[in-house]
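The values are calculated or read from the model by the stated rules, or taken from the named source; none is laboratory data. Given the structure is predicted, the values throughout are model-derived calculations rather than measurements. All Cβ positions, glycine included, derive from the backbone under ideal geometry; neighbour counts span all protein chains shown.
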């Protein structure tokens, strides 16, 4: 079984290059979403605990079984701990043999940003140049990076209620040749924006983006850490837009569409990727991607890094499964 630790993932990104990795990941995501009906899918299994949630996200097709263990604890930074931490596994379906055990905190950030940019590539204005970020926590820089490989971005407007998070974002972004505009509030941040990402973590119903704040048709990536009862967008904004979801059965439980009646209509992402449905901001008006994160995205990045790790000879083999002369004699391990 191959073990990929954080240093292995960082080395892999160095070897492949950030842009090349993101583009390969977007290609892998597109390929897997086109094979949507080949997968055994289910909403993630969530255990709601004091101060957060712990989730298991499984998915499989004929080739691989994948799952991710992930948490979401918004108060963790007060304890100097990450809000989100994750690990993942990839197994061979033909035998059930575990192939890969992997860090997935960094990989989750990468796959989330890549999926955001992939959706925007299909439905946003092709000439989008201004990105607005409402929330500049752990995901924010990844969002910029992924979008920058798809669009010719000229400006990033940003706001967070946490001044430290805004300063962190500005410091990390200083190396990029992009105009940075720190804003006093979310209303100011979205002025002139073509692409908007909302990314807040608190597990409560709040309104960080309203219909009145949007002055032209835009692509909105409603990203923040999702769970039942947690929303970021005003209901009126949802009702006035075209909505794209990953997996309706899961998004109904924890997405922005929790606020809507059962008679609303939306489009699943695989329909756009497979070109069954064509959507664009210029023809449909504002489009909201109600992103909650789906296991297929973890499957895609796990199978990509497994291939790349083998190509670059990264990671280490660990002895997690017994190797026996007589495979029926498990008791021999006690001798």
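Structure values in brief
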item	result
Residue in the range 265-286 that is closer than 30 Å to residue 17 by Cβ, exposed (fewer than 14 other Cβ atoms within 10 Å of the Cβ) and in the same structural domain as residue 70 (by TED's automatic domain parsing) present	no
Selection within the range 209-228 - in contact with a strand residue (DSSP E or B) (Cβ under 7 Å, 6 or more places away or on another chain) and either assigned to a helix (DSSP H, G or I) or buried (at least 23 other Cβ atoms within 10 Å of the Cβ) (or both)	209, 218, 219, 220, 221, 222, 223, 224, 225
Residue match in the range 124-132 (condition: in the same structural domain as residue 256 (by TED's automatic domain parsing), in a strand (DSSP E or B) and within 23 Å of residue 259 (Cβ to Cβ))	yes
Of the criteria (1) in contact with a strand residue (DSSP E or B) (Cβ under 9 Å, 6 or more places away or on another chain); (2) over 28 Å from residue 278 (Cβ atoms), which one residue 81 fails	(1)
Positions within the range 174-203 being under 23 Å from the mean Cα position of the chain (by Cα) and either without any contact (Cβ under 8 Å) to a residue 12 or more places away in the chain or within 24 Å of residue 77 (Cα to Cα) (or both), in sequence order	186, 197, 198, 199, 200, 201, 202, 203
Sole residue being at pLDDT 95 or above, within 26 Å of residue 72 (Cα to Cα) and part of a loop (DSSP other than H, G, I, E, B), chosen from 171, 136, 87, 108	136
The range 23-57: number of residues that are closer than 30 Å to residue 75 by Cα and either in contact with a helix residue (DSSP H, G or I) (Cβ under 6 Å, 6 or more places away or on another chain) or without any contact (Cβ under 8 Å) to a residue 12 or more places away in the chain (or both)	5
Scope the range 95-132; condition touching a residue at least 12 places away in the same chain (Cβ under 8 Å), over 30 Å from residue 179 (Cα atoms) and out of contact with any strand residue (DSSP E or B) (no Cβ under 7 Å at 6 or more places or on another chain); matching residues	96
Where residue 311 falls short, out of the listed (1) within 20 Å of residue 26 (Cα to Cα); (2) under 22 Å from the mean Cα position of the chain (by Cα)	(2)
Selection from the range 229-272 of residues that are modelled with pLDDT of 95 or more and assigned to a strand (DSSP E or B)	242, 243, 244, 245, 267, 268
Test: residue 308 is in the same structural domain as residue 38 (by TED's automatic domain parsing), buried (at least 18 other Cβ atoms within 10 Å of the Cβ) and either at pLDDT below 95 or at negative phi (or both)	yes
Filter result (surrounded by 15 or more Cβ atoms within 10 Å (Cβ to Cβ) and out of contact with any strand residue (DSSP E or B) (no Cβ under 8 Å at 6 or more places or on another chain)) within the range 41-65	43
Number of the condition not met by residue 108 [criteria: (1) buried (at least 23 other Cβ atoms within 10 Å of the Cβ); (2) touching a helix residue (DSSP H, G or I) at 6+ places or on another chain (Cβ under 7 Å)]	(2)
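Here is a yes/no grid of residues against (1) touching a helix residue (DSSP H, G or I) at 6+ places or on another chain (Cβ under 8 Å); (2) surrounded by fewer than 23 Cβ atoms within 10 Å (Cβ to Cβ); (3) closer than 14 Å to residue 223 by Cα:
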residue: 134; (1), (2), (3): yes, no, yes
residue: 145; (1), (2), (3): yes, yes, no
residue: 149; (1), (2), (3): yes, yes, no
residue: 172; (1), (2), (3): yes, yes, no
residue: 175; (1), (2), (3): no, yes, no
residue: 182; (1), (2), (3): yes, yes, no
